[in-house]
Amino acid sequence: EDRWDIDGGDIDSWSTRLNVELPRRWSVQASYGDLHEPEAIAPGDVQRTTASLQYNESGEGPFAFMLLWGRNDEDHGVSNSLLLEGARQFDRKQLFARIEWVEKDEQLLLTREHVDGSDIPLADVTAFTLGYFHTGRIFDGLGMGGDVTVYAVPSSLQDTYGDFPVSLHVFIRARWMAATGGHHH
């Protein structure tokens with residue numbers, strides 16, 4: 001997509017978010033957005049709602065956790081998603097895991113083309129990710145890691161994606177940290 005310039009004209013979309021810090025490193029947030037024509041491949045407006053519960057989102061302790069729900073209400077239907085993720089820090093090493101469930105437009109997953117209509121079938125896709133990250137000893141901002149994700153897809157998508165889809169990621173992270181240093185999730 002060509003999104004290299006600033007669009008002029010009237011503001012046609014808006015969003016709002018409320019974040020509440022609770023005792024003992026817990027927090028909750030809720031958001032709502034009314035988005036006008038956000039995607040070129042899927043014309044139409046979207047009302048997007050999210051809500052989440054987080055533990056230690058600031059990264060000040062060895063464990064962080066989040067449970068997130070999201071919902072898109074579009075011209076052609078409603079879809080939901082859930083996410084549960086956590087990370088555990090051990091000195092310079094970090095283990096992380098995530099499980100996701102989403103309802104996606106089945107035709108879009110099969111053909112990469114959006115089909116207009118009010119009764120578009122949704123496919124349940126589930127993903128489980130397990131990963132590892134290691135921060136360097138010489139420069140705290142440099143580290144490397146990787147993860148593996150396994151997917152569960154309905155039988156209607158298995159001809160396209162296979163019986164047991166798997167993805168593997170290897171990455172290097174470089175960041176500049178505040179003068180106080182410290183580990184952050």
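Among the residues of the range 1-35, which ones are in contact with a Phe, Trp or Tyr (Cβ under 9 Å, 6 or more places away or on another chain) and in a loop (DSSP other than H, G, I, E, B)?
24, 25
Can you pull out the residues in the range 23-53 that are over 19 Å from the mean Cα position of the chain (by Cα), surrounded by 15 or more Cβ atoms within 10 Å (Cβ to Cβ) and either of a type in the set (Val, Ile, Thr) or farther than 30 Å from residue 65 by Cβ (or both)?
The one that is over 19 Å from the mean Cα position of the chain (by Cα), surrounded by 15 or more Cβ atoms within 10 Å (Cβ to Cβ) and either of a type in the set (Val, Ile, Thr) or farther than 30 Å from residue 65 by Cβ (or both): 42.
Based on this model, can you work out whether residue 89 counts as over 20 Å from the mean Cα position of the chain (by Cα), surrounded by 13 or more Cβ atoms within 10 Å (Cβ to Cβ) and modelled with pLDDT of 90 or more? If you could, list the steps in order and put the result at the bottom.
Values: over 20 Å from the mean Cα position of the chain (by Cα): yes; surrounded by 13 or more Cβ atoms within 10 Å (Cβ to Cβ): yes; modelled with pLDDT of 90 or more: yes.
For residue 89, the condition - over 20 Å from the mean Cα position of the chain (by Cα), surrounded by 13 or more Cβ atoms within 10 Å (Cβ to Cβ) and modelled with pLDDT of 90 or more - is met.
Just one of the numbered conditions (1) within 19 Å of residue 66 (Cβ to Cβ); (2) at pLDDT 95 or above; (3) not hydrophobic (A, V, I, L, M, F, W, C) is not true of residue 151; which one?
Going through the list (1) within 19 Å of residue 66 (Cβ to Cβ); (2) at pLDDT 95 or above; (3) not hydrophobic (A, V, I, L, M, F, W, C), residue 151 breaks only (1).
Restricting to the range 110-148, name every residue that is farther than 16 Å from residue 173 by Cβ, modelled with pLDDT of 80 or more and of a type in the set (Val, Ile, Thr).
Within the range 110-148, the subset farther than 16 Å from residue 173 by Cβ is 110-130, 148.
After this cut, where a residue has to be modelled with pLDDT of 80 or more as well, the list is 110, 121-130, 148.
Of everything in the range 110-148, those that are farther than 16 Å from residue 173 by Cβ, modelled with pLDDT of 80 or more and of a type in the set (Val, Ile, Thr) turn out to be 125, 126, 129, 148.
Between residues in the range 80-97 that are touching a residue at least 24 places away in the same chain (Cβ under 8 Å) and residues that are crowded, with 17+ Cβ neighbours inside 10 Å and β-branched (Val, Ile, Thr), which pairs lie under 7 Å by C-beta distance while being six or more apart or on different chains?
Matching pairs, first to second residue: 92/135; 97/129.
Is it the case, given these coordinates, that residue 42 is touching a residue at least 60 places away in the same chain (Cβ under 8 Å), among the hydrophobic types (A, V, I, L, M, F, W, C) and not in a strand (DSSP E or B)?
yes
Residues in the range 104-113: is at least one open to solvent by 80 Å² or more (accessible area, probe 1.4 Å), more than 26 Å from residue 36 (Cβ to Cβ), out of contact with any Cys (no Cβ under 6 Å at 6 or more places or on another chain) and not small (Gly, Ala, Ser)?
Looking through the range 104-113, none of the residues is open to solvent by 80 Å² or more (accessible area, probe 1.4 Å), more than 26 Å from residue 36 (Cβ to Cβ), out of contact with any Cys (no Cβ under 6 Å at 6 or more places or on another chain) and not small (Gly, Ala, Ser).
Applying the selection to the range 54-70, what residues are within 14 Å of the chain's Cα centre (by Cα) and surrounded by fewer than 16 Cβ atoms within 10 Å (Cβ to Cβ)?
Within the range 54-70, 67, 69 meet the criteria.
The values are calculated or read from the model by the stated rules, or taken from the named source; none is laboratory data. Owing to the predicted nature of the structure, the values given are computational and were not obtained by experimental measurement. Virtual Cβ from ideal backbone geometry, glycine too; neighbours counted across all protein chains shown. Note: accessible area is taken over every heavy atom of the protein model, side chains too, but ligands, DNA and RNA are not part of it. Shrake-Rupley method; radii C 1.70, N 1.55, O 1.52, S 1.80 Å.
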